[in-house]
Amino acid sequence: MRPILMKGHERPLTFLRYNRDGDLLFSCAKDHTPTLWYADNGERLGTYRGHNGAVWCCDVSRDSSRLITGSADQTAKLWDVKSGQQYFTFKFGSPARSVDFAIGDKLAVITTDPFMERTSAIHVKRISEDPEDQTADSVLVLESPEGRKRINRAVWGPLNQTIVSGGEDAVIRIWDSETGKLLKESNVEDGHKKTITSLCKAADDSHFITGSLDKTAKLWDMRTLTLIKTYISGVPVNAVSMSPLLNHVVIGGGQDASAVTTTDHRAGKFEAKFYDKILQEEIGGVKGHFGPINALAFNPDGKSFSSGGEDGYVRLHHFDSDYFNIKI
Amino acid sequence: MTEMDIAARAAQLGIDWSQVNLDSIDLPTGENFGIESDDETVYHDDQLEFDTGFGNIIVVDHLPVVPREKFEKLEGVLRKIYSLVGVIKENGLWMPVDPVTNMTLGYCFIEFNTPQEAQAAKEKTQGYKLDRSHIFAVNMFDDFERLMNVREEWEAPPTQPYVPGENLQKWLTDEKARDQLVIRSGPDTEVLWNDARKKRPEPVHKRTYWTESYVQWSPLGTYLVTLHKQGAAVWGGADSFARLMRYQHNMVKLVDFSPGEKYLVTYHSQEPSNPRDASKVEIKVFDVRTGRMMRDFKGSADEFSIGGPGGVAGASWPVFRWAGGKDDKYFAKLSKNTISVYETETFSLIDKKSMKVDNVVDICWSPTDSILSLFVPEQGGGNQPAKVALVQIPSKVELRQKNLFSVSDCKMYWQSSGEYLAVKVDRYTKTKKSTYSGFELFRIKERDIPIEVLELDNKNDKIIAFAWEPKGHRFAVIHGDQPRPDVSFYSMKTAQNTGRVSKLGTLKAKQANALFWSPTGKYIILAGLKGFNGQLEFFNVDELETMATAEHFMATDIEWDPTGRYVATAVTSVHEMENGFSIWSFNGNLLYRILKDHFFQLAWRPRPPSFLSAEKEEEIAKNLKKYSKKYEAEDQDVSLQLTEQDKEKRNALNEEWEKWVMQWKSLHEEEKLERQNLRDGEVSDEEEEDEYEAKEVEFEDLIDVTEEIVFSD
C-alpha cells in the first residue's frame, strides 16, 4: 500500500514510539516539539510544546496517559498525553538522550550525555502515580558508566531487575537496577565494532536487537547477553525494530550525514531493509526516504510500521496482504 | 698487568725484577711458541679463505712473440687497448721475457685498479683480433688455478633425480569449469571461484598484506604476481598459492609479462633530488621460471620515453612492448626518434642497432605476428606528411605505408587475431580550428595489405570509444556528442564482397562512454562509467538487439571473464561509496553482489588458449544441444543438492530458534506473578487478550428512499 507521508517536523526525526494499543504514534525530532499522530491514518493529533532543544527520545505509559521525553535542552519532561500539558521537568546538567518506563510505569531510566566536564550517566527516577507528588529525586544514579563516551540507549530488563545500555564505546552492558553493579558486558568478538546507535527490545523483554555504525545489527538474549543472531546491512545502522507478529527484523540507516550530499538516492542506502529474524537473510526493502533513516517502529499489532528520516518525514506503511505470506 | 703488579708478583716469587733482562729471553719460535692450543676454534682460522688480491689482474694470452727491440712497441699497443677499458696500475703491465731466447713468451699480466675493471676488460677484449693470427685469450688471474686443475677426462655430471613440479594449471581442471578471480580490498587479497550456480563466490586463498601495491595475473593465468619493497614474487601451484619465484628489484613499481609469460619486466623509477633532472629509471627483465635476470636497463626517464610534456612521472608503461604470439621473441622500446627492437635469444638489439625514425610518437605490435605499426606525425609545418607504417621484424622491411595529411592525432587499434588494423585519424578541418575523425582500415592478411578509408555518416562526430570484436570482423564505435552519443557497428565484410566495410547499424542516443566486447565476440556491453553512473546495456550484435539494460550504480570497472560467460562490474575505491562488485551473466542477469569496503582491484584469472582446433570448436557449436544435455543434468543436480543443504541449514536454525523461544516463554510464565505485582495486580500482556472481545455488530441505516417507476416493454 502507498505509504502515508506525515509531514509535521521541520528537522530530522530522532525517535518513533507506538502506544501499547497501537492506535497512537509519538514522534520526536530535532525540532523541539514531539508530535502525536493517529497510527492508522497519520492524522496529527497534537504536539507537546515546552522543550527548548532537539528531542531525542520518548516513552509512553502502558495506559497511554503519560509521556516522558528526553531532550538536548538538558531536561526530561513528563506530559499528560491527553491534554498535552507538561507536569514535571527533570533537570540535568547535560542533554537527556534516552528515556524508558519500567514495567508498572513507576520507574523511568534516563541517560544523559557527557557534556562539558560531566561524564555520561544513567539515572533511575521514581514516577509518582499522582502527578502532584512527583519529585526530582533519583533512585539510583550511575555516574560515568562509560566515561566520556555517550550512551545512546538504555532500557529496562525483565522484571525491572536490570538495565541494558549501549552507546559509543560499542559495548552492551547489563546493570543491576537495584545496586548499580555491572552484571554483564558484551565481549570483543561478539560485540559491535562501532557505536551502537539503537536498541529495541521484544515485547516480552526476552531478547533485544542492537544496531551499530559497524553496519550490522545483532540480536541478544536479554538475560544472559548471549549473541543469537547477526544481520549484515552494508550501511551504518541508525535504527532497528522487530516485528511483534512475524519473525522479521527491520533495519534502517545510511551513511554519515556528511556523505549524504554525494549520494544518489538510487544507491539504495536509505531503504528500510527487512530481514528474516531466524535465517538472517534479507527479504526486501522499503524505499522512499531521501535521507538516512533515523527511527523505526512497528505497530504492536505487527500490521504496519513507520519510519522517520533525516529528511524530516515520517512514513507510515500498512503492509499489503502479500507481506504476511512471504516465504523464503 | 701493570708494571706495579709485575713487580709485586716478582717480589712474591723472590726474583729481583730490576735484574731481569727481557731481551735476553729466547722464546720458542712460532706464533704459539710451540705449544699447541686445545682451543679448536684457533685451527679453523687456518681454513679462512684469504682474498688473494689478484682479482684485478688479467692474463692476456696469444700475444705475438717479439724480440727485445719490439718490446716497447707491443707494450704501447697493449696499453692503448686496455686503457680504453680501465686504468692500468702503475707498473701494472708485466710481459715476461724468456731469459734464453730474449723473446717475449706471448702473454702478459695487466693489473687494474679494481676487479670490476678487470672483469670488464676481460669481457671486452676476449677474442680481440690484434691481427689475423693473434686473437686474444683473456682470463682472470684468479681463474688460472681452477683452469689448470680441470681434469683431462670428461666426467659425466651426476644425474639429478627428476622431481615432478606442481601442475601449475590445475585450476583449469575444475570440475564445474568455473573461473577464478582475484580481488583486493583493504589489506586483504583474495582469490575466489566464481560459483555462478550457487550465486556466490567460493574462497580459494586469502592473505592479508599479500602485496604492497597491487597484484597481476600473468597473461596465460599461470602466475599471480605480487609487488613488494624488495621486488616481485610470483605465486601459483596446484592446491594452494605457494610462492614459486622471487625477483629482486628494490622498490619495484610496475611489472609486465611477455605474452607467452616467459619473461617478467620490472620497473622502478626514482624521483630526482633536483626537480630539473629527469627521473632515474631502472628496468629489469627476468626469466619467469628460473628467476634469472636476463638484462637490466638503467638510465634517465628520457631514454625510455619520447619526451614531451607528461614526462615527469617517468616513462609510460609498458616501456617494453612485446611482439605478439606465444614465443616471446621480440620486444620494442620507443624513445625519442628511435625504436629499439630487442630479441630474447641474446637480449640485444636486432642487428646491433636501433631503428632511427624521426619524430615517431607511437608504436604498436600486431597481437599475433611480429609486425610493428608506427605512427609519425606531420613535420616541417605540414611539408612532410604524417605517416602510418607497418614494419616486419626482424627484417625491418616496411610492408606498407600510408601518408596522411593535416593530421592532428592518430590512434592504432589491432584486432585481436592480427587480421585488421584500424587507425583512427583526427584531421584538422580547413580552418584548422576543429578536428574531425575517420578510420584507415588495413587488412593485414590480404595480399599487398589493402587500405580502406571509412568515414562516419556524420563526419563531425567526435569518436568517444572504439573496440574490435575479439577474433571477429566487426567493430563498434561510440561517436557523437555527450551525454547521449550514438553507437555504431561495422563489419569488415559485406554480404557478397568480403573486401568491403559495411555498416551494420546505429543505436541512437545511448548513455555510454565505454565498450566491452565479450572475449568470444557476439555480445557487447555498452557502458556508461563514472559520469554516467554505471549504466549497462547488454547487446547482442548478431541480432542487433538489446538483451538487457541494467545499472551498477557508480561502476568504475567492467571485466568479462575469460570464457565470456560472466561479467564483473566493480566500484573501486576511487570514491568511498558502495564499494564492491557484482557478477552478471553474459545476457545481463545480476547473479550476485558483494560489498567490500576499500575495494581496490578485481581481475579474472586469464585462461590459456584452447587446444581445440577451429574445426572442432565449430563442430561443438553446431551440436551444442547434444553436449549441453549432460551439463543441464549436472546443473539440475547441483541445484537440488543445494536446496537440500539449504533446507538442512534452515531447519537447524529454526530448531535453535525454537529452543530460545521455548526458554523465553517458560521464563516469561514463571515471572508472570512478579510482573503482575509490579503492575499493581494488572494482568500481563498475553492474558489480556481475553479482556477484549471481538463482537460483530450489524446495524442498518436508512439514508434515503426514492421511488422510481420503471416501464417494461
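The values are calculated or read from the model by the stated rules, or taken from the named source; none is laboratory data. What you are looking at is a predicted structure, and each value in this text was computed from that prediction instead of being measured. Here the Cβ positions follow ideal geometry from the backbone for every residue, glycine too, while neighbour counts run over all protein chains shown. Heavy atoms of the whole protein, side chains included, go into the accessibility calculation; ligands, DNA and RNA do not. Shrake-Rupley method; radii C 1.70, N 1.55, O 1.52, S 1.80 Å.
Regarding chain A, what is the average projected area of its C-alpha convex hull, in nm²?
15.3 nm²
One quarter of the convex hull surface, Cα atoms only: what value does that give for chain B in nm²?
81.1 nm²
Between 0 and 90 degrees, rounded to the nearest ten: what's the tilt of helix B:68-83 against the longest Cα principal axis of chain B?
Here the helix axis deviates by roughly 20 degrees.
For region B:455-566, rounded, prolate or oblate, judged on the Cα gyration tensor with a ≥ b ≥ c (square roots of eigenvalues), a/c < 1.5 rounded, else prolate if a/b > b/c?
Oblate.
Rounded to the nearest 10 degrees, what's the angle between the helix B:115-125 long axis and the longest principal axis of chain B, both from Cα atoms, 0 to 90?
That helix lies at roughly 90 degrees to the long axis.
State whether region A:160-215 is rounded, prolate or oblate according to the following rule on the C-alpha gyration tensor (a ≥ b ≥ c being the square roots of its eigenvalues): a/c under 1.5 gives rounded; otherwise a/b larger than b/c gives prolate, and the remaining case gives oblate.
It comes out oblate by the Cα gyration axes.
Explain nothing, just the number: dipole magnitude of the protein assembly as shown about its Cα centre with +1 on each Lys and Arg Cβ and -1 on each Asp and Glu Cβ, in debye rounded to the nearest 20.
Values: 128 positive and 162 negative charges, 1106 e Å.
Computed about the Cα centre, the dipole is about 5320 debye.
Kirkwood hydrodynamic radius, computed over distinct alpha-carbon pairs, for region B:340-446: how many Å, to one decimal? Please report the intermediate quantities before stating the final value.
Working: mean 1/r = 0.0673 Å⁻¹.
For region B:340-446, inverting the mean 1/r across all distinct Cα pairs yields 14.9 Å.
State log₁₀ I(q)/I(0) for region B:116-241 at q = 0.12, 0.19 Å⁻¹ as given by the Debye formula over alpha-carbon point scatterers of equal weight, solvent excluded.
Results for region B:116-241 at q = 0.12, 0.19 Å⁻¹ read -0.71, -1.08.
Roughly how big is chain B's charge dipole about its Cα centre, with Cβ charges of +1 (Lys, Arg) and -1 (Asp, Glu), in debye to the nearest 20?
I would put it at about 6280 debye.
Determine how large the accessible area of B:LEU673 is when every protein chain is in place; take a 1.4 Å probe and give Å² rounded to the nearest 10.
B:LEU673 has an accessible surface of roughly 120 Å² with all protein chains in place.
Using only atoms on other chains, find how many Cβ atoms lie within 10 Å of each Cβ of peptide A:218-226 and report the average.
Mean partner shielding for this stretch: 1.
Can you tell me the FRET efficiency between A:GLU281 and B:ASP239 if r is taken as the Cβ-Cβ distance and R0 is 35 Å, rounded to the nearest 0.05?
In this case the efficiency is close to 0.60.
If you add up the charges near B:ALA527, with Lys and Arg at +1 and Asp and Glu at -1, over every other residue whose beta carbon is less than 12 angstrom from its beta carbon, what do you get?
That works out to -2.
Could you give the C-alpha radius of gyration of region B:396-517 expressed as a fraction of 2.2 N^0.38 Å, taking N as the number of residues it contains?
Rounded to two decimals, the normalised Rg is 1.07.
If every alpha-carbon in the protein assembly as shown counts as one equal scatterer, what log10 I(q)/I(0) does Debye give at q = 0.06, 0.07, 0.09 1/Å?
Each listed q maps to, in turn, -0.74, -0.89, -1.12.
For the pair B:PHE711 and A:TYR38, what calculated FRET efficiency results from E = 1/(1 + (r/R0)^6), where r is the Cβ-Cβ distance and R0 = 45 Å, to the nearest 0.05?
It comes out at approximately 0.35.
Given the protein chains as shown and a 1.4 Å probe, how many square angstrom of A:ARG11 are accessible, to the nearest 10?
110 Å²
Might you report the magnitude of the Cβ-based charge dipole of region A:3-324 about its Cα centre, with Lys and Arg at +1 and Asp and Glu at -1, to the nearest 20 debye?
520 debye
Which listed residue (A:VAL124, A:LEU45, A:ILE172) has the Cα farthest towards the positive end of the charge dipole for region A:3-324, taking +1 on Lys and Arg C-beta and -1 on Asp and Glu C-beta about the Cα centre?
Sorting the options by dipole projection puts first A:ILE172.
By the gyration tensor of its Cα atoms, with a ≥ b ≥ c the square roots of the eigenvalues, what is the shape of region A:1-134: rounded for a/c under 1.5, prolate for a/b over b/c, or oblate? Working shown, then result.
Details: a/c = 1.94, a/b = 1.31, b/c = 1.48.
Oblate shape, in that a/c is at least 1.5 and b/c is the bigger or equal ratio.
Please name whichever of B:TYR490, B:LEU678, A:TRP156 sits farthest to the positive end of the charge dipole of the protein assembly as shown, dipole taken about the Cα centre and charges placed at Cβ: Lys and Arg +1, Asp and Glu -1.
Going by the charge dipole, the pick is B:TYR490.
In whole Å, what are the Cα extents of region A:86-213 along the three principal axes, biggest one first?
Principal-axis extents of the Cα atoms in region A:86-213, largest first: 48, 38, 26 Å.
Based on Cα coordinates alone, diagonalise the gyration tensor for region B:57-146, multiply each eigenvalue by 5, take square roots, and list the semi-axes in whole Å, largest first.
Value: 20, 14, 13 Å, ordered largest first.
What average number of partner chain Cβ atoms lie no more than 10 Å from the Cβ of the residues making up B:653-665?
4
If I fit a long axis through the Cα atoms of helix B:3-13 and take the longest principal axis of the Cα atoms of chain B, what angle between them do I get, 0 to 90°, rounded to 10?
Computed tilt is about 70 degrees.
Enter the accessible area of B:ARG295 (Å², nearest 10), with the probe set to 1.4 Å and all protein chains included.
80 Å²
If you build the Cα gyration tensor of region B:508-627 and take the root of 5 times each eigenvalue, what three semi-axes come out, in whole angstrom, biggest first?
Rounded to whole Å, the semi-axes are 28, 18, 11.
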